Structure formats: structure tokens, C-alpha cells
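The values are calculated or read from the model by the stated rules, or taken from the named source; none is laboratory data. Everything numeric in this text was worked out from a predicted model, so none of it was measured. Positions of Cβ are generated from backbone atoms using ideal geometry, with glycine treated the same way; all protein chains shown enter the neighbour counts. SASA here: full protein model, heavy atoms, side chains in, ligands and nucleic acids out. Shrake-Rupley method; radii C 1.70, N 1.55, O 1.52, S 1.80 Å.
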Amino acid sequence: MLRTLRNVEGLMSTQSKQQAELDKIKEMRKEAEFDKHLAQTVQNLPFASECELKPTPMITQSVALMPNPYVNQLYNTQIYQQQPSMMTVEAHHKPQPQIITYEDPNQSKPEVIDLDHIASPPHSKRDTRRDGYSSSSARKRSPRKSSRERQREREKEREKERERDRERRKKYLPPFKKNHLAVVSTTLWVGHLSKLIHQDDLYGLFQPIGDIVSLNLISPRGCAFLCMNRRQDASRIMSKYQGERLQGKPMTIAWAPGQAMKDKEWKDYWEIDDGVSYIPWEKLSKDIDYDELEVGGMLDEDTMPDWLKSKCEFYRILKNFVNVHFEFFNSCTL
């Protein structure tokens, strides 16, 4: 009895295995027929021109040679539940789900294919350019801010230069020239004078304008060299008495270099229109007697190199110290 039951169980297990193998063969045939139909259907899709087919074990060679990459993607995706997913989905660019139906004589119901699992086609150059534009514009915001800051700094520098030029014009100083020491003249040449004029006449004429350092009248030549204490006073005399008649003759007034600036070493740097000598910094040295350069003129402190400013400041402090002690000594001896 038991042997009979065991034989029956063995026959039933064998039949179940055979039935499972038959079902598996049927499913494989259905899959092969579906693959053939799918390969023919994909050719009519809008993206068929961009696809490239690769052969699979379940389809015929004629279908495998079709140049369509999307069929290969379809075979490698989860169209059926028993096949594992081999593709990754790009989250930022998903196509809308599409339903593809077909008529199969062996199947009564249509298969539904979800194209969400299919990898999206590559971006076009236009889309890439558009995406790159948005990101690049965001990246360029910080340089724009820095450019605005640089623009503000340049504007501040220009405003400082304009303010400095206004102050220089108030003092009748010449234009600023970079990396050049300006030896500003306070000496005027007064020409076309009458040979009968006296030095006292010129003193009486120019003294009310400002302090006169020296006045050298050359009567045979009909001219005089007038050195004022301040540049402003010399400029006022030029603007006020230019062309003014003195003893029946109109005067001609122009800038003249100081005594030291007439030397061969410096005369080529003289500019008569502005009344200044622009000496390049590389021509300056610590061996030069700068006090001598100020005879008949003055050194423009704004145009001095740093080492020359320090030197002039030191001599100024030393000169004040000597003057204070000299006055103290004189007061004590009296």
C-alpha cells in the first residue's frame, strides 16, 4: 500500500515537473514572438532614427541587425517582472509614460509597456546650452559684484584725484605727473620794459600782491626777473599785469626757471607754459642739494618719492630745532 502511494506521488511530481517545463517553453515562445513584434513596432516610433538594435538570444538575426538602440534598451529594462532592471533613470529628464498596443493572435489582451524605465535620450546642444546658461549666469553673479566694487574703488580714486586737482588749482600748482618730481617756479620774467624805468617802480607795482624775494632789473635789455615768495602771488601778478602798459609800453610776463634749474643737468626738463620742471625719479639721488633747487622755486611735496619726503621732513625738524635753540641762546646773552 505504501509502495503504491509512493509510486503515485512520484508520477504526480514527474507530471508536475513536465507541466512546468512545458509552461516555461510556452512562455519562452511567447516572449520570442513578442520580441519580434516589438522590434517591428519600435521602427515606427518617433525616436526610431536615434536607436540602435543589438542581438539578443531570444530574437532572430534579421531583427538583431536593425540599427535601433532603443530596442536594446527595451530588452534590458523591466518590461517583464522576471527580468532585472539594468538601466538608471535620469530624474531631471523623464519622458511621459507611453502605451504601445499590438495585436497578437496568441494573446487576447494587449501588453502595456511603461517607458518611464527607459533611459532618456541625450540632451540636444540647444538644451545643454540653455542649461549651461542658467548655471553660468548664477556663477557670474559674484564676479559682477566684484566688478562693481572695483568700479566703486576706481570712482573713489577719481574723486580723490579731482579733489587733489582742485586743491592744486587753488594753489596755482601745475598738473600732477606720475613718478616725476615737480620743481615749481615762483620766478617771473617781465619783458618789454622801458629802459627809463627804475627798480623802485617795479617794487611799488608788485609789492601789494605779495612778498617779493628778489627783483633783478636789467635796464639795457628792458626786462626784469621777479621772484615771489609764493606761487599764488606770482600767478596773480601774471594774470593781472599781462599786457598792462607801464610808461607807455605793454608788459610781457612769463614763467622763468629758478637759478639752479638753468644748469645743464636740469634745463631740458623745463616747461615754460606751466612754469615747472618735471624731473624723473630715476634721475634723483641723495647726493643732490635740494635746497639749491628751491632757489627761485619750490619742491612740490605731492610729487616727491617717499625717501625724499622723509629726508625733507628730517631737515625741516632739524632746522626748527636749530632756530629754537639759536633764539634761546640769543635771549640768554642779552
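Between the range 295-323 and the range 1-44, how many Å separate their Cα centres? Result: 111 Å between the Cα centres. A simple spin-label model places pseudo-atoms 7 Å from Cα toward Cβ; at residue 168 and residue 239 they are separated by 1.7 nm.
Peptides 224-235, 151-162 ranked from most to least packed give 224-235, 151-162, packing being the mean of other C-beta atoms within 10 angstrom over each peptide's residues. Distance between the 7 Å Cα→Cβ label points at residue 196 and residue 17: 15.3 nm.
Can you find, among 198, 258, 213, the residue farthest towards the positive end of the dipole of the range 177-334? Put +1 on the C-beta of Lys and Arg, -1 on that of Asp and Glu. The one lying farthest along the dipole's positive direction is 198. Annotation: residue 315 carries an accessible surface of approximately 120 Å², with a 1.4 Å probe and no ligand, DNA or RNA atoms counted. Excluding ligands, DNA and RNA, the accessible surface per residue across the range 162-272 is 57 Å² with a 1.4 Å probe.
Using a simple charge model, +1 on the beta-carbon of Lys and Arg, -1 on the beta-carbon of Asp and Glu, nothing else, what dipole does the range 262-334 show about its Cα centre, in debye to the nearest 20? Intermediate values should be presented prior to the final figure.
On the way: 9 positive and 18 negative charges, 79 e Å.
Here the size comes out at about 380 debye.
With a Förster radius of 25 Å, plug the Cβ-Cβ distance of residue 155 and residue 302 into 1/(1 + (r/R0)^6) and report the FRET value to the nearest 0.05. Efficiency computed from Cβ-Cβ geometry: 0.75. Find out how many positive minus negative residues lie around residue 260, taking Lys and Arg as positive, Asp and Glu as negative, among other residues whose Cβ is under 13 Å from that of residue 260. Every neighbour counted, the sum reads -3.
Distance between the pseudo-spin-label points of residue 7 and residue 321 (7 Å out from Cα toward the beta carbon): 13.6 nm.
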